[in-house]
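Scroll down for the structure; my scribbles are underneath it.
The values are calculated or read from the model by the stated rules, or taken from the named source; none is laboratory data. Here the structure is a predicted model, which is why all the values come from computation and not from measurement. In this analysis, Cβ positions are derived from the backbone assuming ideal geometry, glycine residues included, and neighbour counts consider all displayed protein chains. We work out accessible area using only protein heavy atoms, side chains counted, and drop any ligands, DNA or RNA first. Shrake-Rupley method; radii C 1.70, N 1.55, O 1.52, S 1.80 Å.
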Amino acid sequence: MSPFLLLNPADNVLVARASAPEGTPVALEGGEVTLARLIPLAHKIARHDIAEGARVLKYGMPIGIATRAIAAGEHVHVHNIRSAYTATHALQDADGTGALVSQ
């Protein structure tokens, strides 16, 4: 059984049903890929190549926009997508006491 789940046929991401270690082979539409890093439970990988600026779809709905090209099998998370709904926020300082800054 694959460690990843397709939630909707329109999705361009797969969701990890368990943590998948680096080196795990994953069968995708375009052929098998090997994970380059650990993918934590419930995190996403690209089902196929996703172009910069393309909508990222989960549950058949857009969950964000790719901020750079994402290769098939690559981890899809906040480092390479941004929200399509609201501004993305980050804390200014590590202790969490600083103001939120829109990005």
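Here is how the numbers come out for the structure above:
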item	result
Area of Thr34 that stays accessible when all protein chains are in place (1.4 Å probe, Å², to 10)	90
Protection-proxy order for peptides 68-74, 1-7, each taking the mean of Cβ atoms within 10 Å per residue, highest first	68-74, 1-7
Solvent exposure, largest accessible area first (probe 1.4 Å, DNA, RNA and ligands not counted), of Val78, Val56, Val33	Val78, Val33, Val56
